[in-house]
Amino acid sequence: MTDIKTRKTALLKRLSELDSRLHAIEAELDVPISKDWEESAVEREGDEVLEQLGQSGQDEILRIRAALQRIRDEEYGFCARCGEDISSERLDVLPDTPLCMKCASAVAH
């Protein structure tokens with residue numbers, strides 16, 4: 001079983017990785033588009049993928065920050081919906097999850 005301190009360290013590490021990745025994506029998106037029409041079309045397609053990756057990263061950052069706030073508030077590991085414990089196994093896979101498996105399944109349907 002992983003303790004909260006270890007999970008917090010892992011969340012902070014992931015937050016740092018995402019921050020670096022997002023800066024790299026922003027730098028790539030700032031590169032001027034080619035004047036060649038075909039190259040420009042391919043570059044725009046690549047930019048769309050980068051923008052989607054950037055949005056995905058920003059969403060994950062929000063979830064991690066929320067999880068870190070729950071740690072500070074001593075609410076980490078408890079379901080935000082029903083208040084029950086979130087299993088260690090679930091937190092091992094999704095350390096930023098605010099919901100237990102039962103509530104997450106209910107929300108998905």
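Computed from the coordinates by the stated procedures, all read-outs in this text should not be read as laboratory data. These numbers come from a predicted model, not from an experiment. Don't worry about glycine lacking a Cβ; one is built from the backbone with ideal geometry, like all the others, and counts go over all protein chains shown.
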Residues with amide H under 5 Å from that of E84, placed H, sequence gap 5 or more: C79
Inter-site label distance for A27 and A108 at 7 Å from Cα along Cβ, in nm: 3.7 nm
Local electrostatic count, C79, Cβ distance below 11 Å [Lys/Arg +1, Asp/Glu -1]: +1
Additional length obtainable on full extension of the chain from E51 to D85, 0.36 nm per residue less Cα span: 8.7 nm
Chain lengthening between A66 and E17 when straightened (0.36 nm per residue, less Cα-Cα): 16.0 nm
Extension gain from Q58 to F78, taking 0.36 nm per residue of separation minus the Cα-Cα distance: 4.8 nm
